[in-house]
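Some notes on the structure that comes next.
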Amino acid sequence: MNTYFITGGAGFIGSTLSEKLLESGNKVVIIDNFCDFYNPKIKESNINNLLKNNNFKLYKEDIRNRQVIRQIFDENKIDVVIHLAAMAGVRPSIENPILYQEVNCIGTQNLLEEIKEHNIKNAVLASSSSVYGNCKKVPFREDMVVDYAISPYAATKKANEVIAHVYHKLFNINIMMLRFFTVYGPKQRPDLAINKFTRLMLENKEIPMFGDGTTSRDYTYIDDIVLGIIKSCNYCMNNKDVYEILNLGNSSPISLKEMINTIGHVLKIEPKIEELPMQLGDVEKTYADINKAKMLIGYEPKISFEEGIEKFVRWYEQNKHLY
């Protein structure tokens, strides 16, 4: 049995990961500030069943508060830190870049400081496919130059990769940086396209389509991402001198039009589309080269896009009262 500390643990990825780790007999400690970026009741629902598990502990706190982070490490013997907490979203980061810097960068460094002070040797941190910006060469490989971010959100994620390497090098902490590629599935945030478009179609409303529908994303199903995180934790615990950046994607981009049509097909609804201009900060394509993750941790995504949409829609129809 290991004890995992998960930041952002009541969110979409964090709560799903917590369930999986608890099912395997581990202890899970989470922190989440339940901010109003979206309805906090959704996060409360995400972890409602977990609260009944004696191996689960929740701290309703903010990672910007270093004193609280220190207290959590003092009170719990933590084996692995999984850092998922962040202000998310490209477009909101353009509107409020200072907040993104404070949460994503200062919050991360607070965490790294306490990892160092408490001599914890294994950490897995969430990065993002957004660090690739509009790289022309595809698929995106981890060794590509990613110095040309096109949103404050992407810039904070790149900055975290750099500062994490400093802590690895100076303090001998095993660190895996995971670049997630458009995660979707049950519990997905309401602001993200698949959730939003499903809701709009069921309400017989128009779908806002930014651009001509040819932009594409490497949609990755939540169960595949969670397994990739767990495999990354195991890799850290079983190896020495680890600092790695890994793409966790599906390596199969889906265009915006195809995504909308797939949801419509599963719902048996003809989508109504409102064509709009491209938005600032949006990238044209994300496409993960996952060969490194396959080789290093045995990462192998299993869920096809249509299967994933079917699973999401079944879940959404049972939980739409939350949205």
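One table, with the values for the structure above:
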item	result
Relative intensity, log₁₀ I(q)/I(0), of region 172-323 from a Debye sum that treats every alpha carbon as a point, q = 0.10, 0.13, 0.17 Å⁻¹	-0.40, -0.64, -0.97
Estimated translational D of the chain in µm²/s (Stokes, Kirkwood radius over Cα pairs; 10 °C; 1.306 mPa s)	79 µm²/s
R0 of 35 Å, Cβ-Cβ distance E44-N204: FRET efficiency to nearest 0.05	0.75
Of the trypsin sites (Lys or Arg not before Pro) in region 110-144, those whose Cβ has at most 10 other Cβ within 10 Å and which sit in DSSP loop	K136, K137
HN-Hα J in Hz across region 206-217 - Karplus 6.51, -1.76, 1.60, θ = phi - 60°, x for Gly and Pro	6, 8, x, 10, 7, x, 8, x, 8, 4, 9, 10
Rounded D (µm²/s) - region 109-185, Kirkwood Rh over Cα pairs, Stokes-Einstein at 10 °C, 1.306 mPa s	118 µm²/s
For N2, residues with placed amide H under 5 Å, excluding near neighbours	K27
Residue-count net charge about I13 - beta-carbon cut-off 10 Å; Lys, Arg +1, Asp, Glu -1	+2
Pairwise label distance in nanometres, K169 with K116, each label 7 Å out on the Cα-Cβ vector	1.3 nm
Interchain or long-range residues, amide H under 5 Å from I207's placed H	K272, I273, E274
Descending Cα extents along the principal axes, region 259-304, whole Å	43, 31, 9
Bridge type composition, the chain - antiparallel percent by DSSP, nearest 5	5 percent
Calculated diffusion of region 54-187, Stokes-Einstein form, Kirkwood radius summed over Cα pairs, 4 °C and 1.567 mPa s, µm²/s	82 µm²/s
Value of [θ]222 nm, deg cm²/dmol, for the chain, DSSP H segments ≥ 4, -39500 (n - 2.57) each, nearest 500	-12000 deg cm²/dmol
Karplus-derived HN-Hα couplings along region 242-251 (A = 6.51, B = -1.76, C = 1.60, θ = phi - 60°), whole Hz, x at Gly and Pro	9, 9, 9, 10, 10, 7, 10, x, 10, 6
Region 310-322 - phi-based ³J(HN,Hα) in whole Hz, Karplus 6.51/-1.76/1.60, Gly and Pro as x	4, 5, 5, 4, 4, 5, 4, 4, 8, 10, 5, 4, 6
Around S251: net Lys/Arg minus Asp/Glu count, Cβ-Cβ under 14 Å	+2
Rough spin-label spacing in nm, given labels placed 7 Å along Cα→Cβ, for Y243 and Q67	3.2 nm
Among 270-279, 296-305, the order from most to least packed when residues are scored by Cβ within 10 Å on average	296-305, 270-279
Amide H contacts under 5 Å for S252, placed H, 5+ residues apart	A288
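All of the numbers you see were taken from the coordinates with simple rules; none came from a lab. Predicted model, so just to flag it, every value in this text is computed and none were measured. Note that each Cβ is placed from the backbone with ideal geometry, even for glycine, and that neighbours are counted across all protein chains shown.
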